[in-house]
Amino acid sequence: MPTITHIDLFPLSIPLKAPFVTSLGALEAVESVIVRITTNDSLVGWGECNPFWSINGETQETCLAVGKHIARVLVGHDATEIEGLHGKMDRMIFANNSIKSAFDIACHDIAAQAAGLPLYRFLGGATKRPLITDYTVSLGTKEKMAADALVIIRNGFQVIKVKLGGGAQEDIERILAIRAAIGEDVPLRIDANQGWSPEQAVLVLNALGDANIQHCEEPIPRWQFMEMRRVKEASPIPIMADESCCDHNDAGRLIDLGACQRFNIKLGKSGGLFKAKRIIALAEAAGLEVQIGGFLESRLAWTAAAHLALTSNAVRFCDMDTPLMFTADPVQGGLTYGAGGSITVPSTVGLGASIDPSYLRGVIEVR
């Protein structure tokens with residue numbers, strides 16, 4: 001039994017090449033937390049979270065503080081008994097799904113190593129299949145967004161995600177400007193990040209119904225989820241729940257309401273792979289499609305997300321571009337990016353990713 005003997009937590013801070021701008025604000029640097037778990041039989045598991053203040057209410061500082069308490073609870077526990085680990089974390093503290101996800105990823109890494117399997121196979125995936133990520137245009141002026149979209153196309157990406165939520169009419173003009181710059185063939189995905197009222201959402205989505213848009217993420221404020229079905233039924237563009245769908249409890253509620261056609265699963269919202277798998281199971285049963293997304297994690301956490309994407313045919317979309325926005329890459333091993341936004345998942349046992357020791361500073365140790 002791989003028993004947890006000690007846990008180390010590290011802050012990870014890396015500047016971005018350019019500000020990442022949504023309707024919720026702008027970020028200029030990555031502020032993440034790395035979790036390293038060691039067992040009595042010398043297995044080492046790695047996890048990461050990138051707390052997104054305005055979505056999950058956590059920061060790097062809170063994750064380190066709460067993570068220290070979680071670590072004390074988990075030392076001595078069987079690292080492969082994932083459901084029990086979640087039970088301990090959830091009994092100890094409500095929410096805090098971002099930091100919980102880092103522990104979840106690290107324990108899955110250990111469990112897959114103990115089973116002698118790549119993580120995607122440990123999670124139930126049978127074979128690899130092609131994964132393609134989009135690339136994101138940050139919110140800005142229509143001129144800058146159109147220019148950024150053109151650069152993305154010239155760099156070979158096959159799908160573009162566009163951040164909106166900066167005013168209904170302005171958002172329509174942003175998409176029209178992007179279409180004028182790149183043409184009609186490259187599909188778009190749009191994300192309002194809760195930036196519209198239900199009435200604005202219906203207006204914008206109908207105005208853009210012929211703009212070759214695959215889906216719209218979280219068009220209205222998350223607390224107005226009861227209005228989502230009305231928006232969905234009035235929209236020619238499929239609706240994807242994001243901020244309103246954190247864990248499997250949220251997913252079940254949205255399915256019961258008939259609120260959307262798709263879910264965007266992020267490990268930092270769900271609390272990790274264990275509960276993300278529960279969301280996927282609900283989506284499969286309800287006939288909903290799934291996107292695997294995330295925040296500003298490094299390739300370490302994105303490797304876990306990519307392994308997850310290989311476990312179900314319900315996963316139809318990948319939004320895994322943010323490591324390409326970093327000014328430095330702290331990850332050893334892990335997923336690799338190829339032409340056209342293609343993603344290759346490692347076949348090594350476990351997660352297949354770790355952090356370069358030169359980035360591991362400011363450790364908090366729990367033994």
Worksheet, complete the sentence: Scanning region 315-326 residue by residue, those hydrophobic (A, V, I, L, M, F, W, C) and either in the same structural domain as D109 (by TED's automatic domain parsing) or part of a helix (DSSP H, G or I) (or both) turn out to be L324, M325
Worksheet entry | Residue tally, condition surrounded by 15 or more Cβ atoms within 10 Å (Cβ to Cβ) and in contact with a Phe, Trp or Tyr (Cβ under 8 Å, 6 or more places away or on another chain), over region 150-163 | 5
Worksheet entry | Unique match (being surrounded by fewer than 17 Cβ atoms within 10 Å (Cβ to Cβ) and of a type in the set (K, R)) among R121, R229 | R229
Worksheet entry | Matching residues in region 91-103 - criterion: being over 15 Å from R72 (Cβ atoms) and more than 14 Å from the chain's Cα centre (by Cα) | F94, A95
Fill in: Among (1) of a type in the set (A, V, I, L, M, F, W, C); (2) touching a residue at least 24 places away in the same chain (Cβ under 8 Å); (3) closer than 25 Å to G271 by Cβ, the one test that L205 misses
(3)
Response to the item:
Pairs returned, first residue in region 79-102 that is under 13 Å from L273 (Cα atoms) and at pLDDT 95 or above, second residue that is crowded, with 24+ Cβ neighbours inside 10 Å and of a type in the set (D, E), beta-carbon separation under 6 angstrom, 6 or more apart or interchain, are A102/E48
Practice prompt. Tell me, yes or no, whether region 300-314 has at least one residue that is buried (at least 24 other Cβ atoms within 10 Å of the Cβ), in the same structural domain as V137 (by TED's automatic domain parsing) and in a strand (DSSP E or B).
Written response: no
Worksheet entry | Restricting region 32-53 to residues that are within 21 Å of the chain's Cα centre (by Cα) and outside any strand (DSSP E or B), the residue that is surrounded by the fewest Cβ atoms within 10 Å (Cβ to Cβ) | W53
Response to the item:
Subset of region 202-256, residues of a type outside the set (A, V, I, L, M) and in contact with a His (Cβ under 9 Å, 6 or more places away or on another chain), comes to P238
Practice prompt. Kindly list the number of the only condition in (1) touching a helix residue (DSSP H, G or I) at 6+ places or on another chain (Cβ under 9 Å); (2) in contact (Cβ under 8 Å) with a residue 40 or more places away in the chain; (3) closer than 22 Å to P238 by Cβ that fails for G156.
Written response: (3)
Practice prompt. Considering (1) surrounded by fewer than 22 Cβ atoms within 10 Å (Cβ to Cβ); (2) part of a helix (DSSP H, G or I), say which one G76 fails and leave the rest.
Written response: (2)
Discussion item. When you check G293 against the structure, is it surrounded by fewer than 17 Cβ atoms within 10 Å (Cβ to Cβ) and more than 22 Å from R36 (Cβ to Cβ), yes or no?
Written reply: no
Worksheet entry | Candidate set: region 268-290, residues that are more than 20 Å from H215 (Cβ to Cβ) and under 15 Å from the mean Cα position of the chain (by Cα); chosen: the one surrounded by the fewest Cβ atoms within 10 Å (Cβ to Cβ) | K277
Worksheet item: Looking at (1) assigned to a strand (DSSP E or B); (2) in contact (Cβ under 8 Å) with a residue 60 or more places away in the chain, which is the only condition Q332 fails?
Response: (2)
Practice prompt. Considering only region 54-73, state which residues are part of a helix (DSSP H, G or I), small (G, A, S) and under 30 Å from A192 (Cβ atoms).
Written response: S54
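The values are calculated or read from the model by the stated rules, or taken from the named source; none is laboratory data. These figures come from a predicted structure and were not determined experimentally. Positions of Cβ are generated from backbone atoms using ideal geometry, with glycine treated the same way; all protein chains shown enter the neighbour counts.
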